[in-house]
Each structure stands twice: as C-alpha cells, then as structure tokens.
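Can you keep this structure in mind? I'll have questions shortly.
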Amino acid sequence: MGLRCTWPQRAWLSRAVCSCVAIAGLVAVHGEPAGVSLHGTVYTIADIEAKRVELQSGSFIVGARKGAKEEVLQAMLDAFGWQPKKKFSPRSPMFAGTLNEQELLFLLRRPDVEFVENDGRVDALVHEPNSEL
C-alpha cells in the first residue's frame, strides 16, 4: 500500500527536497563549499579573487559540517571579532549573520563549512569576462 499525501504535504515535501538538492549542489567533492550562493547563482573563490564579482556586505546563512559549528564560530571570532546574529539551535549546524567579502572568503576556504548562501537581499557587482574593472 502506497503513502498518500494531501496537496499541502506534497508541496512542502517538494520544497524540502528541492532545498536539500540545492544545498547539496553547493558542496564541492572535497568538502569545501563550491562557492557562495546569491539568489541561486554560485560564485567561487576564484570569481571573487579575480574581481569577476564584488560582493556587498549582507545577511548570509552558513552551514557547518556536523559537530563543527562551534569551531567555525570560534575561528570567526578570533579572526574578525565576528559573532552571528542567529546561532539557531545547538543541534543545528547552521548560523546566520552579516558577512563582508573578506569574511565570506575565509568561510569558503574552510573544509568544515558546507555551504554559504544569502539570507535576504545581498547585492553583487558582476563584471563581464571581457569588461574593464
């Protein structure tokens, strides 16, 4: 006998599955995030360092590897004096706060960070490959 879902349950399940697939797509094979996701577009460390994209400070959600959130937060505190606006629950590997480009690059280089994505409006200046900066 199959599982029967009402329309609202199917819609919620569909959104949950899509979110999980999207987050999984942000994680590179070697464990570091592939880049920062802004409104569905992923920008890599190389994009940021080459100034193909300039990220403005904004609100982001960061997902740490299971059991590594406190280590990541301590590293952010030590390096930048940064603390999250929201730590979520102790069992959740996520935290959120305002991050600038330097802090984003720091997180993207950490193997214990699984994803970084915008949490609301974040502006970015994207340069065409052949344009003058």
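Pull out all pairs, ordered by first then second residue, where Cβ-Cβ is under 7 Å, the residues are six or more apart or on different chains, the first lies in the range 67-93 and is modelled with pLDDT of 95 or more, and the second is exposed (fewer than 13 other Cβ atoms within 10 Å of the Cβ) and in a helix (DSSP H, G or I).
Hits for this filter: GLN83/LEU77.
Okay, next question. Would you check if LEU26 is modelled with pLDDT of 95 or more and surrounded by 12 or more Cβ atoms within 10 Å (Cβ to Cβ)? Walk me through it before giving the result.
Numbers: modelled with pLDDT of 95 or more: no; surrounded by 12 or more Cβ atoms within 10 Å (Cβ to Cβ): yes.
For LEU26, the condition - modelled with pLDDT of 95 or more and surrounded by 12 or more Cβ atoms within 10 Å (Cβ to Cβ) - is not met.
Looking at (1) of a type outside the set (Ser, Thr, Tyr); (2) more than 20 Å from ASP47 (Cα to Cα); (3) surrounded by 11 or more Cβ atoms within 10 Å (Cβ to Cβ), find the lone condition where GLY81 falls short.
(3)
Condition test on VAL62, is it surrounded by 15 or more Cβ atoms within 10 Å (Cβ to Cβ), more than 16 Å from THR98 (Cα to Cα), in contact with a strand residue (DSSP E or B) (Cβ under 7 Å, 6 or more places away or on another chain) and hydrophobic (A, V, I, L, M, F, W, C)?
Numbers: surrounded by 15 or more Cβ atoms within 10 Å (Cβ to Cβ): yes; more than 16 Å from THR98 (Cα to Cα): no; in contact with a strand residue (DSSP E or B) (Cβ under 7 Å, 6 or more places away or on another chain): yes; hydrophobic (A, V, I, L, M, F, W, C): yes.
Judged against the criteria, VAL62 is not a match.
Taking the options GLU128, GLU117, GLU54, name whichever one is at pLDDT below 95, touching a strand residue (DSSP E or B) at 6+ places or on another chain (Cβ under 7 Å) and charged (D, E, K, R).
Details: GLU128 fails: touching a strand residue (DSSP E or B) at 6+ places or on another chain (Cβ under 7 Å); GLU117 fails: at pLDDT below 95.
Being at pLDDT below 95, touching a strand residue (DSSP E or B) at 6+ places or on another chain (Cβ under 7 Å) and charged (D, E, K, R) holds for just one of GLU128, GLU117, GLU54, which is GLU54.
The values are calculated or read from the model by the stated rules, or taken from the named source; none is laboratory data. From a predicted model like this one, the values you see are computed outputs, not experimental measurements. Positions of Cβ are backbone-derived with ideal geometry, glycine not excepted, and every protein chain shown enters the neighbour counts.
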